[in-house]
């Protein structure tokens, strides 16, 4: 059987939520809401927003964790400290960090109101080289890349231009369907 290629499973860029790097978080949330409403919700449960520059080239993305981190400015200070790089933090240590950096001390509505004005460029995730995959790459190779990089998605390229996004959730559902087909 012929191997499935990334382009067969990716979401085309034209169907994805995008905003300018100069957009506010509020504008990004509206773009996400619009993309969800415009496309088949069974297939396109968008959870991220792609960010483009003045040349309309994708330069970053904002995922769920990025939005949550943007709500609480104290995380920037935490990221700068070495305590953030430790792995396997105990619940007690995590609680002490919340107190030490005064995270989540303001009411959630206040945090949301302030974050809505933030420019997405200030907290977007800039993709690393391991987060790009060519559209003609086999799904097998892309799965390996997702696992090894612990990525939620990969930006799909055609001759160095981003043409879509391969999401872990779509890959997972493809695997689920194939597992079920094996038992029929």
Whole-Å distance, taken between Cα centres, linking segment 90-161 and segment 12-41:
16 Å
Expressed as a whole-number percentage, the relative contact order of segment 141-182 with C-alpha contacts under 8 angstrom and at least six residues apart is 27 percent
Degrees separating the helix 168-182 axis from the principal Cα axis of the chain, which is the longest one:
40 degrees
Would you mind calculating the relative contact order of the chain from Cα pairs under 8 angstrom and at least 6 residues apart, reporting the percent as a whole number?
30 percent
Contour minus Cα-Cα span, residue 96 to residue 184, at 0.36 nm per residue, comes to 26.5 nm
Scan (1) -0.65; (2) -0.44; (3) -0.59 for the value of log10 I(q)/I(0) by the Debye sum over Cα atoms at q = 0.11 Å⁻¹ calculated from this model and give just the label.
(3)
Against the longest principal axis of the chain, how steep is helix 91-100, in degrees 0 to 90 to the nearest 10, with axes from Cα atoms?
50 degrees
With labels modelled as points extended 7 Å from the Cα through the Cβ direction, what inter-label distance (nm, one decimal) is found for residue 148 paired with residue 56?
3.4 nm
Value at 222 nm in deg cm²/dmol, rounded to 500, when DSSP H runs of n ≥ 4 in the chain each add -39,500 (n - 2.57):
-12000 deg cm²/dmol
With a cut-off of 8 Å between alpha carbons and a minimum separation of six or more residues, what is the relative contact order of segment 110-184 in percent?
21 percent
Using alpha-carbon coordinates, inclination of helix 139-149 to the longest axis of the chain, degrees
20 degrees
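Any read-out appearing in this document is the output of simple, stated calculations on the displayed coordinates, not a laboratory observation. Note that the structure is predicted; figures quoted are calculated from it, not measured. Note that each Cβ is placed from the backbone with ideal geometry, even for glycine, and that neighbours are counted across all protein chains shown.
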